[in-house]
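Working notes for the structure below.
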Ligand SMILES: Cc1cc2nc3c(=O)[nH]c(=O)nc-3n(C[C@H](O)[C@H](O)[C@H](O)COP(=O)(O)O)c2cc1C
């Protein structure tokens, strides 16, 4: 057993790709979030949780959040994988929605860019994206932010923005003593 573990939950594969890249780079153990229980997770000193972003929530994150009292002295790295292009704004929004104040001060947090795959999407996700598309379409095109423009430009398509290089800061954090 290595002393780092990657735990992930992915619907359409982008998060899984990042989780595997990170685990490979660190020679870390890797589990889907429903394949590992807290008693096993506690044995690692570094825990990297990777979860797809869905309506601002991080998939699979309840395993970490619900067991945080047992994990607060670990090196914890949270990686949310979303379609957003916003950097600092999205980081703050997602942290505020998912992390407690104590966690915000104690974990390392990253957002990496995934993709959108309308071919694989289940009917509910497809419907949610359709509603989002319709509401953006109804707005003044001159006032749209880049994320909204992105939803319009990629609607109905298969797009993949995953980038192996973007895991480098995460690998650095694991390897340093902070
Ligand atoms: C219904 C739905 C809601 C989404 N909500 C968000 C979101 O709030 N923020 C974001 O950045 N991306 C959002 N996305 C995009 C996904 O996070 C993106 O497709 C990501 O790559 C998913 O990872 P996965 O393939 O591992 O499931 C959403 C996608 C769908 C289909």
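Some points to look at:
- Residue 135 vs. criteria out of contact with any helix residue (DSSP H, G or I) (no Cβ under 8 Å at 6 or more places or on another chain) and closer than 20 Å to residue 90 by Cβ: yes
- Residue check, residue 47 in contact with a strand residue (DSSP E or B) (Cβ under 8 Å, 6 or more places away or on another chain) and under 27 Å from residue 118 (Cα atoms): no
- When residue 54 is tested against (1) more than 16 Å from the ligand (Cβ to nearest atom); (2) within 20 Å of residue 91 (Cα to Cα), only condition (1) is not met.
- For first residues located in the range 4-29 and free of Cβ contacts under 8 Å to residues at least 60 places away in the same chain and closer than 16 Å to residue 63 by Cβ, partners that are away from the ligand (no atom under 13 Å from the Cβ) and in a helix (DSSP H, G or I) and lie 6+ apart or on another chain with Cβ distances below 6 Å form the pairs 6/22; 6/23.
- Single unsatisfied condition, residue 119 versus (1) assigned to a helix (DSSP H, G or I); (2) under 25 Å from residue 148 (Cβ atoms); (3) out of contact with any helix residue (DSSP H, G or I) (no Cβ under 8 Å at 6 or more places or on another chain): (1)
- Helices (runs of 4 or more DSSP H) completely within the range 8-92 that count 3 or more residues being surrounded by 19 or more Cβ atoms within 10 Å (Cβ to Cβ): 14-26
- For the range 1-32, a residue qualifies if it is more than 24 Å from residue 126 (Cα to Cα), touching a helix residue (DSSP H, G or I) at 6+ places or on another chain (Cβ under 8 Å) and modelled with pLDDT of 95 or more, and the qualifying residues are 4, 5, 6, 7, 21, 22, 25, 26, 28, 29, 30.
- Matching residues in the range 109-132 - criterion: being touching a strand residue (DSSP E or B) at 6+ places or on another chain (Cβ under 6 Å) and farther than 25 Å from residue 165 by Cα: 119
- Test: residue in the range 63-72 that is within 12 Å of the ligand (Cβ to nearest atom), outside the structural domain of residue 148 (by TED's automatic domain parsing) and closer than 19 Å to residue 170 by Cα: no
- Within the range 97-104, at least one residue is within 14 Å of the ligand (Cβ to nearest atom) and at negative phi.
The values are calculated or read from the model by the stated rules, or taken from the named source; none is laboratory data. Please read these numbers as outputs of a predicted model, since none were measured by experiment. Cβ sites come from the backbone with ideal geometry, for glycine too, and all protein chains shown count toward neighbours.
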